[in-house]
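The values are calculated or read from the model by the stated rules, or taken from the named source; none is laboratory data. Bear in mind the structure is a predicted one, so any value in this text is a computation, not a measurement. All Cβ positions, even for glycine, are placed from backbone atoms using ideal geometry, and neighbour counts span all protein chains on display. Surface areas here come from the heavy atoms of the whole protein model, side chains and all, with no ligands, DNA or RNA. Shrake-Rupley method; radii C 1.70, N 1.55, O 1.52, S 1.80 Å.
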Amino acid sequence: MAATSAPPASAHANGNGSLVGVAAPVGAPTNPMATALLTDQYQFSMAYAYWKAGKHADRAVFDLYFRKNPFGGEFTVFAGLEECIKFIANFKFTEHDISFLQSVMPMCEGAFFNYLREVDCSDVEVYSIPEGSVVFPKVPLMRVEGPVAVVQLLETPFVNLINYASLVTTNAARHRHVAGKSKVLLEFGLRRAQGPDGAISASKYCFMGGFDATSNVLAGNLFGIPLRGTHSHAFVSSYMSLDEIPDKALKSKDGSRLCQDFVSLVQEWLQKIQAANSLGGVFGDTNKSELAAFASYALAFPSNFLALVDTYDVMRSGIPNFCAVALALHDLGYKASGIRLDSGDLAYLSIEARKVFSAVEKEYNVPGFAKMLITASNDLNEETIDALNKQAALGCVFKLVEINNKPRIKLSEDVAKVSIPCKKRCFRLYGKEGYPLVDIMIRESEPSPKAGERILCRHPFIESKRAYVVPQHVEELLQCYWPGTSDKPRAELPSLEKIRSRCMQQLEMLRPDHIRRLNPTPYKVSVSTKLYDFIHRLWLNEAPVGELQ
């Protein structure tokens, strides 16, 4: 991971001498582009207007949440928290930043830029649902408190860092759910990603959502993600004949003997395969340049031989050539890893390849050959591309819900866009079977819901939708990850592997009908009776009264 950075310049010491707001080391953002200038112009315009009016230090509370689950599903996986915390830990304007802002905002007074020179996030508090958690619409993913001008400058970068991360992680989790636990999922998207920034993020969050490895070497270096990769079609087609392999010798795995001519051993096995009646006699002449490429690759990686078998013809050439090399390796104590299919009818070809592997295991008594790994890779199909284009972001929003201890509400003719005002606490209520039943938001001043206690859960806006719940277990969702000037304990940022494990555990805890691919059941999100009444009183007070003439 990135090296530990210095604390913000104005972070101050508490009574025991430790820095408030930086209780544990926080590294620099993974992306060097994530600087204090990574925001929209109107955020600086508002910051100046706040400053000009003397309101810039007003204490504000913002909720970051989303309104609709992506991909037609009924769940989302929250990601991007670590990068947000790293962002505020390193939030500071350089002199170069200040000079640039002065050039694009010449109408602003010079004292405003002096104010910006002193700005950091030492007085900001961040409360968040743990990264890797399954989350639902309307429930705040994060609550950000602090001076209104500073928190306003955090809106765009926070939304940016969470939107894409959560979308990719959710997509990966959906793939994992469909594939099941037994399948190995590999992410090979580097070449087609949205630039290097998108590629690094995609590799990280695919792993978080349940993928097993990546081809992206930089992501492996930055995050410790396992790396996988074999060879391309170019490697196969670069060979013309077996004569191009200069060194044909290969030591056995235990080092006890040396095979002087591994290539000849491969050829012997190919002849056996072609003559075997048990294999149906379907294998005739294979492409010898492909055989040369496979043999050469096996000589380089005898303990990790996985071959791309569709350069010429999968069943007539790729599979028998692979089997010949794999059996030759077996003679020397090695075990081939498997094959990769990259074109054609992947489902049909994988089934036919598996039949051949089973027949080879039975014919030559090679334990485990029938279970050879078959990796399928290909471009996204048209339906998937269309779905991704329509769901370009999660749709996170960042809404003011309180300022100077006064609740604020955002109204709209579209009820889905009405915000839920005031500082809130959020809880997940679990039933007797261990599944989460409902998420409930309450006012900060209300007592926490308790296990075994009968709780009335209400839809935030629809009066008739309500239900009593007696939870067997209650989990508070928002934890403090950046305490600012408060003395609240700070939750630790876990490792990527722990976040991934949390994601897998959370998915397993969901009721099957909430996570199924077709027609999933919507998960219930509710508010307490006191919060429901408060929302609607504030709504009536803030909404203008019409007049008929």
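Taking the protein heavy atoms of the chain in the context of the full set of protein chains, the accessible area attributed to carbon and sulfur is 53 percent at 1.4 Å. Compared with the dominant Cα axis of the chain, that is its longest principal axis, helix 496-509 is turned about 80°. Ranked by the mean number of other Cβ atoms within 10 Å of their residues, highest first, the peptides 169-178, 417-426 come out as 169-178, 417-426. For the chain, the antiparallel share of DSSP beta bridges with both residues in that region comes to about 75%.
Exposed loop sites here are GluC sites (Glu not before Pro) in DSSP loop states with at most 10 other C-beta atoms within 10 Å. What is the longest stretch of the chain lacking them?
It runs 1-412.
The residues of the chain present an accessible area of 48 Å² per residue when probed at 1.4 Å with all protein chains retained. Pairs of alpha carbons in the chain separated by more than 38 Å make up 44% of all such pairs. When the chymotrypsin sites (Phe, Trp or Tyr not before Pro) in segment 311-358 are filtered for DSSP coil states and for at most 11 other beta-carbon atoms within 10 Å of their beta-carbon, no site remains.
Helical content alone sets the calculated 222 nm signal of the chain at -11500 deg cm²/dmol, taking -39,500 (n - 2.57) per DSSP H segment of four or more residues and averaging over every residue.
Taking 0.36 nm per residue of separation and subtracting the Cα-Cα distance, full extension of the segment from Ala275 to Lys183 would add 29.8 nm.
The relative contact order of the chain comes to 18 percent, based on Cα pairs under 8 Å that sit 6 or more residues apart.
Of the three principal axes defined by the Cα atoms of segment 201-279, the extents in descending order read 48, 33, 27 Å. For the residue pairs Lys86/Lys417; Lys465/Lys488; Lys183/Lys524; Lys55/Lys92; Lys253/Lys362, the C-alpha atoms sit more than 26 angstrom apart in Lys86/Lys417; Lys465/Lys488; Lys183/Lys524. Which part of segment 203-245 falls in the paramagnetic zone of His175, meaning amide N under 12 Å from the point 7 Å along Cα-to-beta-carbon? Under 12 Å, as judged by backbone N against the label point of His175, lie 203-216 of segment 203-245.
Over its Cα atoms, what ratio of radius of gyration to 2.2 N^0.38 Å does segment 233-376 give?
In units of the globular-protein estimate, segment 233-376 measures up at 0.96.
When both segment 408-457 and segment 512-531 are represented by their alpha-carbon centers, they are found 12 Å apart.
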